[in-house]
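Comments concern the structure below.
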Ligand SMILES: Nc1ncnc2c1ncn2[C@@H]1O[C@H](COP(=O)(O)OP(=O)(O)OP(=O)(O)O)[C@@H](O)[C@H]1O
Ligand SMILES: [Mg+2]
(Lines give C-alpha, C1' and ligand atoms only; values in the text may rest on other atoms or scores of the structure.)
(Ligands and ions follow the chains in the order given, each with its own letter.)
Protein backbone atom coordinates (compact mmCIF):
# COMPACT_ATOMS: atom_id res chain seq x y z
CA UNK A 1 0.00 0.00 0.00
CA UNK A 2 1.53 3.32 -0.98
CA UNK A 3 0.52 6.83 -0.13
CA UNK A 4 1.36 9.96 -2.14
CA UNK A 5 4.05 12.24 -0.73
CA UNK A 6 2.50 15.23 0.96
CA UNK A 7 3.83 18.36 -0.69
CA UNK A 8 1.84 20.95 1.18
CA UNK A 9 4.05 20.82 4.27
CA UNK A 10 6.44 23.64 3.51
CA UNK A 11 9.85 23.92 5.19
CA UNK A 12 9.96 26.23 8.19
CA UNK A 13 11.24 29.78 7.81
CA UNK A 14 14.98 30.15 7.35
CA UNK A 15 17.03 31.16 10.35
CA UNK A 16 19.92 33.49 9.96
CA UNK A 17 21.87 32.53 13.09
CA UNK A 18 23.32 29.20 11.99
CA UNK A 19 22.76 26.33 9.62
CA UNK A 20 21.32 23.04 10.84
CA UNK A 21 23.54 20.32 12.17
CA UNK A 22 24.16 17.62 9.58
CA UNK A 23 24.37 14.02 10.73
CA UNK A 24 25.28 11.19 8.35
CA UNK A 25 24.29 7.59 9.13
CA UNK A 26 26.71 5.00 7.73
CA UNK A 27 27.78 1.44 8.49
CA UNK A 28 29.99 -0.13 5.86
CA UNK A 29 28.03 -3.39 6.02
CA UNK A 30 24.59 -3.40 4.44
CA UNK A 31 21.33 -4.30 6.10
CA UNK A 32 22.21 -3.26 9.65
CA UNK A 33 19.23 -0.90 9.98
CA UNK A 34 20.62 2.48 8.79
CA UNK A 35 17.52 3.51 6.86
CA UNK A 36 15.06 2.41 9.51
CA UNK A 37 17.16 4.09 12.21
CA UNK A 38 17.52 7.35 10.22
CA UNK A 39 13.74 7.49 9.65
CA UNK A 40 12.95 6.74 13.29
CA UNK A 41 15.57 9.19 14.58
CA UNK A 42 14.14 11.88 12.26
CA UNK A 43 10.69 11.18 13.69
CA UNK A 44 11.92 11.22 17.31
CA UNK A 45 13.77 14.52 16.80
CA UNK A 46 10.72 16.04 15.07
CA UNK A 47 8.51 14.94 17.96
CA UNK A 48 10.79 16.75 20.35
CA UNK A 49 10.13 19.97 18.42
CA UNK A 50 13.14 20.05 16.11
CA UNK A 51 12.95 20.98 12.45
CA UNK A 52 14.30 17.96 10.63
CA UNK A 53 15.20 17.10 7.04
CA UNK A 54 15.82 13.45 6.17
CA UNK A 55 17.94 13.21 3.04
CA UNK A 56 18.03 9.85 1.28
CA UNK A 57 21.70 9.80 0.32
CA UNK A 58 21.83 6.12 -0.64
CA UNK A 59 22.67 7.05 -4.22
CA UNK A 60 22.30 3.55 -5.67
CA UNK A 61 19.52 1.90 -3.68
CA UNK A 62 17.50 4.66 -2.06
CA UNK A 63 14.66 3.34 0.05
CA UNK A 64 13.46 5.85 2.62
CA UNK A 65 10.37 6.30 0.41
CA UNK A 66 9.85 2.53 0.20
CA UNK A 67 10.03 2.07 3.98
CA UNK A 68 7.43 4.86 4.36
CA UNK A 69 5.20 3.88 1.43
CA UNK A 70 5.70 7.22 -0.34
CA UNK A 71 5.54 8.01 -4.02
CA UNK A 72 7.74 11.09 -4.32
CA UNK A 73 6.72 13.63 -6.92
CA UNK A 74 10.34 14.74 -7.32
CA UNK A 75 13.51 13.07 -6.10
CA UNK A 76 17.27 13.43 -6.16
CA UNK A 77 17.30 12.15 -9.74
CA UNK A 78 15.15 15.19 -10.72
CA UNK A 79 17.72 17.45 -9.05
CA UNK A 80 20.71 15.81 -10.71
CA UNK A 81 19.05 15.97 -14.13
CA UNK A 82 18.39 19.67 -13.62
CA UNK A 83 14.60 19.19 -13.74
CA UNK A 84 14.18 20.54 -10.18
CA UNK A 85 16.08 22.42 -7.52
CA UNK A 86 16.86 20.71 -4.25
CA UNK A 87 14.42 22.99 -2.41
CA UNK A 88 11.66 22.07 -4.89
CA UNK A 89 12.32 18.37 -4.41
CA UNK A 90 12.09 18.48 -0.60
CA UNK A 91 8.63 17.32 0.44
CA UNK A 92 6.90 17.48 3.77
CA UNK A 93 6.04 14.17 5.42
CA UNK A 94 3.15 15.24 7.61
CA UNK A 95 2.70 11.93 9.54
CA UNK A 96 6.25 12.29 10.84
CA UNK A 97 6.40 16.07 11.10
CA UNK A 98 9.66 16.15 9.17
CA UNK A 99 10.72 16.81 5.58
CA UNK A 100 12.17 14.30 3.14
CA UNK A 101 14.51 14.58 0.19
CA UNK A 102 13.80 11.30 -1.58
CA UNK A 103 16.38 9.35 -3.53
CA UNK A 104 15.81 7.25 -6.61
CA UNK A 105 16.05 3.53 -6.08
CA UNK A 106 17.99 1.49 -8.58
CA UNK A 107 19.29 4.53 -10.38
CA UNK A 108 22.60 3.62 -11.94
CA UNK A 109 23.04 7.29 -12.84
CA UNK A 110 23.04 8.37 -9.21
CA UNK A 111 25.19 5.46 -8.08
CA UNK A 112 27.84 6.53 -10.57
CA UNK A 113 27.50 10.23 -9.85
CA UNK A 114 30.69 12.02 -10.83
CA UNK A 115 32.57 14.04 -8.20
CA UNK A 116 31.60 17.39 -9.74
CA UNK A 117 27.89 16.52 -9.66
CA UNK A 118 28.21 15.31 -6.06
CA UNK A 119 29.87 18.58 -5.03
CA UNK A 120 27.01 20.41 -6.75
CA UNK A 121 24.49 18.50 -4.64
CA UNK A 122 26.47 19.21 -1.49
CA UNK A 123 26.57 22.93 -2.12
CA UNK A 124 22.79 22.94 -2.73
CA UNK A 125 22.36 20.88 0.41
CA UNK A 126 24.48 23.32 2.41
CA UNK A 127 22.03 26.11 1.61
CA UNK A 128 19.02 23.85 2.07
CA UNK A 129 20.08 23.06 5.65
CA UNK A 130 19.47 26.62 6.86
CA UNK A 131 15.82 26.19 7.88
CA UNK A 132 16.47 23.01 9.81
CA UNK A 133 17.83 22.16 13.23
CA UNK A 134 19.00 18.74 12.05
CA UNK A 135 19.64 17.29 8.60
CA UNK A 136 19.99 13.51 8.60
CA UNK A 137 21.71 11.75 5.69
CA UNK A 138 20.93 8.09 5.20
CA UNK A 139 24.02 6.75 3.39
CA UNK A 140 24.36 3.60 1.32
CA UNK A 141 26.28 0.54 2.40
CA UNK A 142 29.94 0.19 1.45
CA UNK A 143 32.73 2.73 1.47
CA UNK A 144 32.72 3.99 -2.11
CA UNK A 145 33.83 7.48 -3.04
CA UNK A 146 30.37 9.04 -2.62
CA UNK A 147 29.77 7.44 0.77
CA UNK A 148 33.17 8.67 1.98
CA UNK A 149 32.58 12.18 0.70
CA UNK A 150 29.12 12.44 2.26
CA UNK A 151 30.36 10.98 5.57
CA UNK A 152 33.24 13.45 5.70
CA UNK A 153 30.99 16.37 4.70
CA UNK A 154 28.55 15.95 7.60
CA UNK A 155 29.20 17.58 10.97
CA UNK A 156 28.71 14.26 12.71
CA UNK A 157 29.04 10.69 11.47
CA UNK A 158 26.94 8.02 13.17
CA UNK A 159 28.31 4.58 12.43
CA UNK A 160 25.75 1.82 12.91
CA UNK A 161 27.17 -1.57 13.88
CA UNK A 162 25.70 -4.83 15.08
CA UNK A 163 27.10 -7.66 17.16
CA UNK A 164 28.17 -9.59 14.04
CA UNK A 165 31.94 -9.69 13.42
CA UNK A 166 31.49 -8.66 9.76
CA UNK A 167 29.57 -5.59 10.83
CA UNK A 168 32.25 -4.70 13.36
CA UNK A 169 35.00 -5.01 10.75
CA UNK A 170 33.06 -2.83 8.30
CA UNK A 171 32.19 -0.28 10.99
CA UNK A 172 35.88 -0.08 11.86
CA UNK A 173 36.77 0.44 8.18
CA UNK A 174 34.20 3.24 8.01
CA UNK A 175 35.70 4.87 11.12
CA UNK A 176 39.20 4.49 9.70
CA UNK A 177 38.34 6.18 6.39
CA UNK A 178 36.52 8.95 8.22
CA UNK A 179 39.57 9.52 10.41
CA UNK A 180 41.64 9.89 7.23
CA UNK A 181 39.10 12.02 5.34
CA UNK A 182 38.13 14.20 8.29
CA UNK A 183 40.94 14.31 10.88
CA UNK A 184 39.53 15.41 14.21
CA UNK A 185 35.98 14.88 12.86
CA UNK A 186 33.08 13.91 15.07
CA UNK A 187 32.24 10.20 14.73
CA UNK A 188 29.90 8.31 17.05
CA UNK A 189 28.74 4.78 17.37
CA UNK A 190 25.27 3.22 17.49
CA UNK A 191 24.87 -0.51 18.05
CA UNK A 192 21.66 -1.87 16.54
CA UNK A 193 20.00 -5.28 16.69
CA UNK A 194 21.39 -5.89 20.19
CA UNK A 195 20.39 -9.02 22.05
CA UNK A 196 20.55 -6.94 25.27
CA UNK A 197 21.75 -3.39 26.01
CA UNK A 198 24.72 -4.89 27.91
CA UNK A 199 25.72 -7.02 24.91
CA UNK A 200 25.45 -3.92 22.72
CA UNK A 201 27.70 -1.99 25.08
CA UNK A 202 30.26 -4.81 24.98
CA UNK A 203 30.21 -4.73 21.18
CA UNK A 204 30.73 -0.98 21.27
CA UNK A 205 33.63 -1.37 23.72
CA UNK A 206 35.35 -3.83 21.36
CA UNK A 207 35.10 -1.42 18.45
CA UNK A 208 36.06 1.59 20.55
CA UNK A 209 39.20 -0.18 21.81
CA UNK A 210 40.32 -0.87 18.24
CA UNK A 211 39.66 2.75 17.24
CA UNK A 212 41.60 4.07 20.23
CA UNK A 213 44.54 1.72 19.65
CA UNK A 214 44.86 2.03 15.87
CA UNK A 215 43.18 5.31 14.88
CA UNK A 216 43.96 7.44 17.92
CA UNK A 217 40.29 8.40 18.26
CA UNK A 218 37.69 7.08 20.65
CA UNK A 219 34.20 7.36 19.13
CA UNK A 220 31.59 7.76 21.87
CA UNK A 221 28.68 5.32 22.02
CA UNK A 222 25.52 7.30 21.29
CA UNK A 223 23.26 4.41 22.18
CA UNK A 224 22.24 0.81 21.69
CA UNK A 225 19.02 -0.39 20.05
CA UNK A 226 17.53 -3.74 20.90
CA UNK A 227 16.49 -6.30 18.30
CA UNK A 228 12.73 -5.94 18.32
CA UNK A 229 10.11 -7.66 16.11
CA UNK A 230 8.02 -4.48 16.19
CA UNK A 231 10.58 -2.95 13.81
CA UNK A 232 9.84 -5.54 11.13
CA UNK A 233 6.11 -5.07 11.71
CA UNK A 234 6.36 -1.30 11.23
CA UNK A 235 8.49 -1.66 8.08
CA UNK A 236 6.16 -4.30 6.61
CA UNK A 237 3.26 -1.91 7.13
CA UNK A 238 5.29 1.02 5.80
CA UNK A 239 4.59 2.95 8.95
CA UNK A 240 6.54 4.84 11.59
CA UNK A 241 7.62 2.73 14.56
CA UNK A 242 7.12 5.53 17.09
CA UNK A 243 3.52 5.93 15.93
CA UNK A 244 2.71 2.26 15.59
CA UNK A 245 4.52 0.90 18.64
CA UNK A 246 5.49 3.90 20.75
CA UNK A 247 6.48 1.93 23.83
CA UNK A 248 8.29 -1.02 22.28
CA UNK A 249 11.97 -1.53 23.21
CA UNK A 250 13.40 -0.22 19.91
CA UNK A 251 11.20 2.91 20.11
CA UNK A 252 12.41 3.66 23.63
CA UNK A 253 16.03 3.13 22.57
CA UNK A 254 15.79 5.51 19.60
CA UNK A 255 13.97 8.10 21.74
CA UNK A 256 16.87 7.95 24.16
CA UNK A 257 19.41 8.47 21.36
CA UNK A 258 17.36 11.41 20.06
CA UNK A 259 17.28 12.94 23.54
CA UNK A 260 21.08 12.70 23.69
CA UNK A 261 21.36 14.55 20.37
CA UNK A 262 18.83 17.17 21.43
CA UNK A 263 20.68 17.80 24.71
CA UNK A 264 23.82 18.66 22.72
CA UNK A 265 22.11 21.48 20.83
CA UNK A 266 23.50 24.87 21.73
CA UNK A 267 20.86 27.30 22.93
CA UNK A 268 19.50 29.33 19.98
N1 LIG B 1 16.29 -3.00 15.96
C2 LIG B 1 15.84 -3.86 15.03
N3 LIG B 1 15.09 -4.93 15.41
C4 LIG B 1 14.63 -5.81 14.48
N5 LIG B 1 14.87 -5.72 13.17
C6 LIG B 1 15.58 -4.69 12.73
C7 LIG B 1 16.11 -3.70 13.62
N8 LIG B 1 16.81 -2.80 12.89
C9 LIG B 1 16.72 -3.22 11.61
N10 LIG B 1 16.00 -4.34 11.51
C11 LIG B 1 15.73 -5.13 10.29
O12 LIG B 1 16.80 -4.91 9.40
C13 LIG B 1 16.29 -4.72 8.09
C14 LIG B 1 17.22 -3.83 7.32
O15 LIG B 1 17.03 -2.50 7.74
P16 LIG B 1 17.43 -1.27 6.82
O17 LIG B 1 16.89 -1.41 5.44
O18 LIG B 1 17.07 -0.04 7.56
O19 LIG B 1 19.01 -1.48 6.77
P20 LIG B 1 20.10 -0.64 5.96
O21 LIG B 1 21.34 -0.67 6.78
O22 LIG B 1 19.55 0.68 5.59
O23 LIG B 1 20.27 -1.52 4.66
P24 LIG B 1 21.08 -1.10 3.32
O25 LIG B 1 22.53 -1.21 3.66
O26 LIG B 1 20.64 -2.11 2.32
O27 LIG B 1 20.68 0.30 2.98
C28 LIG B 1 14.90 -4.13 8.30
O29 LIG B 1 14.07 -4.45 7.23
C30 LIG B 1 14.46 -4.76 9.57
O31 LIG B 1 13.76 -5.95 9.28
MG1 LIG C 1 19.39 1.64 3.72
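The values are calculated or read from the model by the stated rules, or taken from the named source; none is laboratory data. Owing to the predicted nature of the structure, the values given are computational and were not obtained by experimental measurement. Reconstructed Cβ throughout: ideal geometry from the backbone, glycine too, with neighbour counts over all protein chains shown.
Observations on the model:
- Test: residue in the stretch 173-182 that is surrounded by fewer than 16 Cβ atoms within 10 Å (Cβ to Cβ) and free of Cβ contacts under 8 Å to residues at least 12 places away in the same chain: yes
- Residue within the stretch 79-90 that is surrounded by fewer than 20 Cβ atoms within 10 Å (Cβ to Cβ) and closer than 15 Å to residue 238 by Cα present: no
- Residue 209, sole failed condition from (1) modelled with pLDDT of 95 or more; (2) touching a helix residue (DSSP H, G or I) at 6+ places or on another chain (Cβ under 6 Å); (3) part of a helix (DSSP H, G or I): (2)
- For the stretch 106-160, a residue qualifies if it is assigned to a strand (DSSP E or B) and within 16 Å of ligand 2 (Cβ to nearest atom), and the qualifying residues are 136, 137, 138, 139, 157, 158, 159, 160.
- Residue 28 vs. criteria modelled with pLDDT under 95 and crowded, with 22+ Cβ neighbours inside 10 Å: yes
- Restricting attention to the stretch 184-233, the residues that are within 16 Å of ligand 2 (Cβ to nearest atom) and either touching a strand residue (DSSP E or B) at 6+ places or on another chain (Cβ under 6 Å) or without any contact (Cβ under 8 Å) to a residue 24 or more places away in the chain (or both) total 4.
- Residue pairs meeting the criteria (Cβ under 9 Å; at least 6 apart or on separate chains; first over 16 Å from residue 58 (Cα atoms), in the stretch 116-127; second surrounded by fewer than 16 Cβ atoms within 10 Å (Cβ to Cβ)): 124/85; 124/87; 127/87
- Of the residues making up the stretch 176-206, those that are assigned to a strand (DSSP E or B) and within 16 Å of ligand 1 (Cβ to nearest atom) are 189, 190, 191, 192, 193, 194.
- Any hit, the stretch 72-89, residues being in contact with a helix residue (DSSP H, G or I) (Cβ under 9 Å, 6 or more places away or on another chain), within 27 Å of residue 177 (Cβ to Cβ) and near ligand 2 (Cβ under 10 Å from one of its atoms): no
- Residues considered: 217, 244. Of these, the only one that is touching a helix residue (DSSP H, G or I) at 6+ places or on another chain (Cβ under 9 Å) and within 30 Å of residue 182 (Cα to Cα) is 217.
- Checking the stated criteria, residue 242 turns out to be surrounded by 23 or more Cβ atoms within 10 Å (Cβ to Cβ) and either at pLDDT 95 or above or part of a helix (DSSP H, G or I) (or both).
- Residue that is nearest to residue 223 (Cα to Cα) [pool: residues in the stretch 31-49 that are surrounded by fewer than 20 Cβ atoms within 10 Å (Cβ to Cβ) and either within 14 Å of ligand 1 (Cβ to nearest atom) or without any contact (Cβ under 8 Å) to a residue 40 or more places away in the chain (or both)]: 31
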